[in-house]
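Below is one structure; the comments refer to it alone.
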Ligand SMILES: Cc1cc2nc3c(=O)[nH]c(=O)nc-3n(C[C@H](O)[C@H](O)[C@H](O)COP(=O)(O)O)c2cc1C
């Protein structure tokens with residue numbers, strides 16, 4: 001039975017690839033944060049001011065309506081994991097908001113959480129501390145940041161650090 005779980009949200013697969021490699025390097029299980037209505041490429045288009053992503057960016061109340069699949073909030077053997085690597089993309093300087101929905105839905109009691117964000121240029125900023133604030137409990141560690149197209153060597157280096 002493994003004690004480490006790598007959890008990821010990924011809209012465009014960069015974070016997914018990184019999470020898969022991290023799970024392999026850490027000999028951890030892998031779990032996806034999946035939406036009932038995933039973003040289409042058009043919905044994620046930040047150049048379109050009417051796109052879903054820009055509407056949700058401008059009106060935070062819309063983010064609360066995002067629904068996760070039932071499997072997302074009931075990971076198998078959740079009580080067995082003591083270490084969680086929480087991987088997410090940066091959107092407009094903060095964690096992609098489906099990550100917050102997941103964090104609020106889960107009980108983090110007895111778990112050490114290491115946030116790992118992926119981005120194009122931004123640093124981790126306040127994204128990890130905002131996730132910690134959204135959680136009711138858990139031992140939240142300072143987060144890490146990887147470039148969206150991090151190499152296997154860079155991911156391996158992070159895995160040995162955490
Ligand atoms: C809506 C949106 C907003 C983004 N905002 C930022 C940002 O503020 N800073 C940044 O460096 N990258 C930003 N990016 C790039 C993503 O953080 C980066 O490509 C990430 O690795 C995507 O992960 P994914 O492919 O798993 O969804 C943004 C991407 C999207 C779709």
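The values are calculated or read from the model by the stated rules, or taken from the named source; none is laboratory data. Every value quoted in this text rests on a predicted model; they were computed, and no experiment measured them. A quick note on method: Cβ atoms are made from the backbone with ideal geometry, for glycine too, and the neighbour counts reach across all protein chains shown.
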Next item on the list: Pick out, from segment 15-125, the helices (runs of 4 or more DSSP H) lying fully within it that include 2 or more residues that are within 15 Å of the ligand (Cβ to nearest atom) and over 25 Å from residue 155 (Cβ atoms).
Entry: 52-58, 60-63
Notebook entry, point to check: Does segment 19-32 contain any residue that is modelled with pLDDT under 95, more than 15 Å from residue 98 (Cα to Cα) and in contact with a helix residue (DSSP H, G or I) (Cβ under 7 Å, 6 or more places away or on another chain)?
Noted result: no
Notebook entry, point to check: Yes or no: residue 92 modelled with pLDDT of 95 or more, surrounded by fewer than 16 Cβ atoms within 10 Å (Cβ to Cβ) and under 23 Å from residue 141 (Cα atoms)?
Noted result: yes
Item checked: Number of the condition not met by residue 1 [criteria: (1) outside any loop (DSSP other than H, G, I, E, B); (2) touching a helix residue (DSSP H, G or I) at 6+ places or on another chain (Cβ under 8 Å); (3) over 14 Å from residue 116 (Cα atoms)] -> (1)
Next item on the list: Any chance you could count how many residues in segment 33-63 are under 15 Å from residue 99 (Cα atoms) and in contact (Cβ under 8 Å) with a residue 24 or more places away in the chain?
Entry: 11
Item checked: Matching residues, segment 140-156, being surrounded by 15 or more Cβ atoms within 10 Å (Cβ to Cβ) and part of a strand (DSSP E or B) -> 140, 144, 145, 146
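Considering only segment 1-14, state which residues are within 11 Å of the ligand (Cβ to nearest atom) and either out of contact with any strand residue (DSSP E or B) (no Cβ under 8 Å at 6 or more places or on another chain) or within 25 Å of residue 110 (Cβ to Cβ) (or both).
Pass one, segment 1-14, residues within 11 Å of the ligand (Cβ to nearest atom): 8-14.
Residues satisfying the conditions are 8, 9, 13.
Only one residue in 75, 115 is over 12 Å from the mean Cα position of the chain (by Cα) and closer than 25 Å to residue 38 by Cα. Which one?
On the way: 115 fails: over 12 Å from the mean Cα position of the chain (by Cα).
It is 75.
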